[in-house]
Amino acid sequence: MEKFDNSKLSLDSILVHGVTPFDSTTGAVSTPIYQSATFRHPGLGESTGYDYSRAVNPTRTELEKTLALVEQGRYCLAFSTGMGAISAIIKLFKPGDHLIVSEDLYGGTFRLFDEYYASYGFSFSWIDTSSFAKVEAALKPETKAVFIETPSNPMMKVTDIRRCADLIHRHGGSLIVDNTFLSPYFQTPLDLGADLVIHSGTKYLAGHNDTLAGFIVHSREDMAEQLRNIQKSEGASLSPFDAWLVLRGLKTLALRMNRHEENASRIAQWLRGHQRVEKVFYTGFEDHPQYALTCAQTRGHGGMISFYLKDSSLVAVLLKRVSLILFAESLGGVQSLITYPLIQTHGAIPESMRRAAGVNDRLMRLSVGIENADDIISDLENALG
Ligand SMILES: *Cc1c(COP(=O)(O)O)cnc(C)c1O
């Protein structure tokens, strides 16, 4: 069989073809779904490379290899959810270790660290990591990692990936980046010095609000075996069918991301001019506080927008009146979704921390879908009244 050389291809082509563009025995152009829990061994001490699907499965392997390639990493591990991936990563550390974490991040990550790992003896400093001075000041002798979301969720603050990587490397620790908001199409943190990248594949990677998935991508030889072992031992591996759905989603990632961004930039501008809107948070604005940084470390601004309404009494009205835009948690899918972070994605975060991060009772988060931008705008116009 002719070897498929994807090293010469650009990212959008790799996304379409993956690492194995067709099945070598049947010629099938869609990766087969190996819906098999176990695999027959040819004989004692012999293996096809597959034994049991919690550890390894051919459909999942194709997805892991493809995502490793697009995230510029050597290794990828696929989990049943984003939280499954984050839960696996934290097991690289030990009680007594300290982690510096973005204060403005996905509420579920906060809950996992604060409610569980803090009680197991891990310690966390919740910091505005968009301020390098604050990250530096939070370092302790026992700091083993900096864990960031950039742009942050939901305030769209941008953290300098390269500077954080250099800082924590000098300290002997690792930089972990949750890259869910931009996807590898717009941002590849491993290129900027990050050690480990996390994804909620539920969002842009799968892209259709129809499945859950999570990923860790990295190039750390010293962690490869341990991470593989954690995945196998914990058992939150991605199922063959869900792996196939994400592979299918990846094929259109480039098209979708371009459209998400095109729509978001129009809608952010439009929202900014609306009399009922006080402030819009979007990294594509030239007056965004970290605009130069975001342009330097990313290839685009993505499809996420947050905004403050002037009056909190409008929140319930807006959520009731939207019709094309769906009032639902999650992001990154083809449909536009609106959420109210205060009680949804960030409900698990204590009030004082929420207030410090800027998550108030007038904050809305919009995941701009790939519908026609005019339709999204008229839906917002109707809903805002
Ligand atoms: C949704 C999300 C997660 C959690 O992922 P699940 O797939 O829902 O478990 C983690 N980080 C970010 C930034 C998210 O948006």
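Some notes on this structure:
- Relative contact order, percent, the range 6-250 [alpha-carbon distance under 8 Å, six or more residues apart]: 24 percent
- Other-chain or far-sequence residues with amide H under 5 Å of residue 278's (modelled H): 308, 309, 310
- Here, the range 1-112 is characterised by an Rg to Rh ratio of 1.06, where Rg is the alpha-carbon radius of gyration and Rh the Kirkwood radius.
- Couplings 3J(HN,Hα) for the range 57-72, derived from phi with the Karplus relation 6.51 cos²θ - 1.76 cosθ + 1.60 (θ = phi - 60°), are 9, x, 5, 5, 4, 4, 5, 4, 5, 5, 5, 4, 4, 6, 8, 6 Hz, where x marks Gly and Pro.
- Lys, Arg +1 and Asp, Glu -1 on Cβ, resulting dipole of the range 254-384 about Cα centre, debye, nearest 20: 220 debye
- Listed by Cβ neighbour count within 10 Å, with the fewest neighbours leading, 160, 51, 178 appear as 51, 160, 178.
- Point-charge dipole on Cβ atoms (K/R +1, D/E -1) for the chain, about Cα centre, debye to 20: 200 debye
- Shape call, the chain: gyration tensor on alpha carbons, a/c limit 1.5: oblate
- Least to most buried among 204, 50, 120 (fewest other Cβ within 10 Å first): 120, 50, 204
- Listed residues 218, 176, 13: farthest to the positive end of the dipole of the chain (Cβ charges): 176
- Furthest towards positive pole of dipole, 384, 305, 343, structure part the range 254-384, Cβ charges: 343
- Remark: 244, 270 ranked as 270, 244, counting other beta-carbon atoms within 10 Å and listing the fewest first.
- Cross-link pairs beyond the 29 Å C-alpha cut-off, checked among 65/140; 140/279; 203/320; 251/279; 65/157; 203/232: 65/140; 140/279; 251/279; 65/157
Read-outs: derived from the displayed coordinates by stated rules, not from any lab. Bear in mind the structure is a predicted one, so any value in this text is a computation, not a measurement. With ideal geometry, Cβ positions are generated from the backbone for all residues, glycine too; neighbour counts draw on all protein chains shown.
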